[in-house]
Amino acid sequence: MAKSIFSFLLFLFLLTACSPGPQYKDGTFSAYSEADDYGYARAEVTLSGNEITDVRLEEFTGKGEPLDFSTYIYQPTVEGVQVMKERFIEADSANVDTYTGSTHSSKKYIDAVEKALYLALEDPEEKIETDYWNGTFMGTATNENLRAVAWISIKDDRVIDVFFNEVNLETDEFFDWENREYEILPEARREMQERIVMEGSLDVDTFSGATESSELWLEAARDAKAKARIE
């Protein structure tokens, strides 16, 4: 009886040891994480011989600005990006622990690396049939004195929610929508958001009287949608 149990356990061990893991194409693959009020991350993963050989991680703020890790004052975030890179390479996977003190950023890195690794798969077991990832993504568009920021939520290739904001590039502050110099802009923003959700698409008309702002918001939304594309 003991011999039979031992033989069975040995069989399971050999089966597990011999089971092929994910098979990846050689090359460099990049993807963006989902976004929240604090921003998002981007991962660029390089693979060779079915192993991760390099990972480049970037993080962007909720105002669409890239974090400069060489000057950023919060050390756990600065340390975390390097530790997470090393963990991904060592594990040849996105299935790693978050870095204590930088959990929020770590989760975004994991999300972006997971997406990049999916793009690298030779033959995904569960192929995603949509053109875009489900989730919330962030994009920006800039003119001379302001940056439009857009968050769009996508489900099954349909835009189900959208939110616009603007950053004054002179003050680096979000605009106060309740006390705007031009009263038509808050109304235009609400209307544009409603049109997009109703259509489930960014193919909507601009708001008469706020055409320039409408076009900038749509440009930011298209940038967000581009980050969500599976390619």
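The values are calculated or read from the model by the stated rules, or taken from the named source; none is laboratory data. Just so you know, these numbers come straight off a predicted model, no measurement behind them. FYI the Cβ positions are ideal-geometry reconstructions off the backbone, even for glycines, and counts take in every protein chain you see.
How many residues does segment 31-49 hold that are farther than 11 Å from V113 by Cα, in a strand (DSSP E or B) and in contact (Cβ under 8 Å) with a residue 24 or more places away in the chain?
Residues in segment 31-49 being farther than 11 Å from V113 by Cα, in a strand (DSSP E or B) and in contact (Cβ under 8 Å) with a residue 24 or more places away in the chain: 4 in total.
Kindly provide the set of residues from segment 50-81 that are assigned to a strand (DSSP E or B) and surrounded by 15 or more Cβ atoms within 10 Å (Cβ to Cβ), ordered by number.
I52, V55, L57, E58, E59, F60
Among the residues of segment 66-98, count how many are hydroxyl-bearing (S, T, Y) and at pLDDT 95 or above.
2
Give the residue that is nearest to D203 (Cα to Cα), with candidates limited to residues of segment 109-158 that are acidic (D, E) and more than 17 Å from the chain's Cα centre (by Cα).
Checked segment 109-158; the qualifying residue nearest to D203 (Cα to Cα) is E129.
Conditions tested, residue by residue: (1) in contact (Cβ under 8 Å) with a residue 60 or more places away in the chain; (2) among the hydroxyl-bearing types (S, T, Y); (3) in the same structural domain as E34 (by TED's automatic domain parsing).
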site: G139; (1), (2), (3): yes, no, no
site: E144; (1), (2), (3): no, no, no
site: V149; (1), (2), (3): yes, no, no
site: I152; (1), (2), (3): yes, no, no
site: F163; (1), (2), (3): no, no, no
site: E170; (1), (2), (3): no, no, no
site: S208; (1), (2), (3): no, yes, no
site: D223; (1), (2), (3): yes, no, no
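Regarding segment 122-134, can at least one residue be identified that is in contact with a Ser or Thr (Cβ under 7 Å, 6 or more places away or on another chain), aliphatic (A, V, I, L, M), touching a residue at least 40 places away in the same chain (Cβ under 8 Å) and outside the structural domain of F174 (by TED's automatic domain parsing)?
no
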